[in-house]
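Read through the structure below, which is laid out as structure tokens, and then see the notes.
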Amino acid sequence: MSVEQPVNTPVLGDALLSVAQDALDDLKAVEPVVLDVRAFSSVMDYLIVASGTSSRHVKSLADNVLMKAKEQGVRPLGVEGERAGEWVLVDFGDVVVHVMQPAARSFYDLERLWSVQAEQPQES
């Protein structure tokens, strides 16, 4: 009995990355950054961090990412923070999108956190 191999997830991840980037660009996300975390994470391929100018803008950016992904037949594994609008996380598995207000982005500094992760060797 042969075992079927799953669909090539990096292609899905790359395609989904493009959809998410376009959705953020459509509504003028502030300073979007894409981090390729495939070498450091077994649970995701890409991390996108972007800012909105207000809670309404943050929510709109996240909603647009969700809508554009849905148009491609992709549903999120989870969405957190929509109610407050300070930091909305949209988890698609291969791609995780963080849309934050500038104060939250500065405080949590995810870009630096992941760059520190990249500099440290992983233990086996």
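A few comments on the model shown:
Residue-wise test of (1) at pLDDT below 95; (2) closer than 20 Å to SER115 by Cα; (3) surrounded by 20 or more Cβ atoms within 10 Å (Cβ to Cβ).
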| residue | (1), (2), (3) |
| --- | --- |
| THR9 | yes, no, no |
| LEU24 | no, no, yes |
| ALA29 | no, no, yes |
| ASP36 | yes, yes, no |
| GLU82 | yes, no, no |
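- Condition check for SER60: of a type in the set (Ser, Thr, Tyr), modelled with pLDDT of 90 or more and under 26 Å from SER106 (Cβ atoms): yes
- A search for C-beta distances below 7 Å between a residue of region 100-116 that is over 23 Å from ASP36 (Cβ atoms) and free of Cβ contacts under 8 Å to residues at least 60 places away in the same chain and any residue that is assigned to a loop (DSSP other than H, G, I, E, B) and of a type in the set (Gly, Ala, Ser), counting only pairs 6+ apart in sequence or on different chains, returns GLN101/GLY52.
- Among the residues of region 61-80, the one identified as in contact with a Gly (Cβ under 7 Å, 6 or more places away or on another chain) and surrounded by fewer than 17 Cβ atoms within 10 Å (Cβ to Cβ) is LEU77.
- Picking from residues in region 32-49 that are closer than 22 Å to GLU71 by Cβ and without any contact (Cβ under 8 Å) to a residue 24 or more places away in the chain, the one that is farthest from the chain's Cα centre (by Cα) is PRO32.
- Restricting attention to region 13-31, the residues that are within 12 Å of the chain's Cα centre (by Cα), within 13 Å of ALA62 (Cβ to Cβ) and either outside any helix (DSSP H, G or I) or touching a residue at least 60 places away in the same chain (Cβ under 8 Å) (or both) total 2.
- Residue that is farthest from PHE40 (Cα to Cα) [pool: residues in region 84-105 that are at pLDDT 95 or above and of a type in the set (Asp, Glu)]: GLU86
- If the condition is being within 19 Å of LEU47 (Cβ to Cβ) and in contact (Cβ under 8 Å) with a residue 24 or more places away in the chain, then region 62-81 contributes ALA62, ASN64, VAL65, LEU66, LYS68, ALA69, VAL74.
The values are calculated or read from the model by the stated rules, or taken from the named source; none is laboratory data. Predicted model, so just to flag it, every value in this text is computed and none were measured. Positions of Cβ are backbone-derived with ideal geometry, glycine not excepted, and every protein chain shown enters the neighbour counts.
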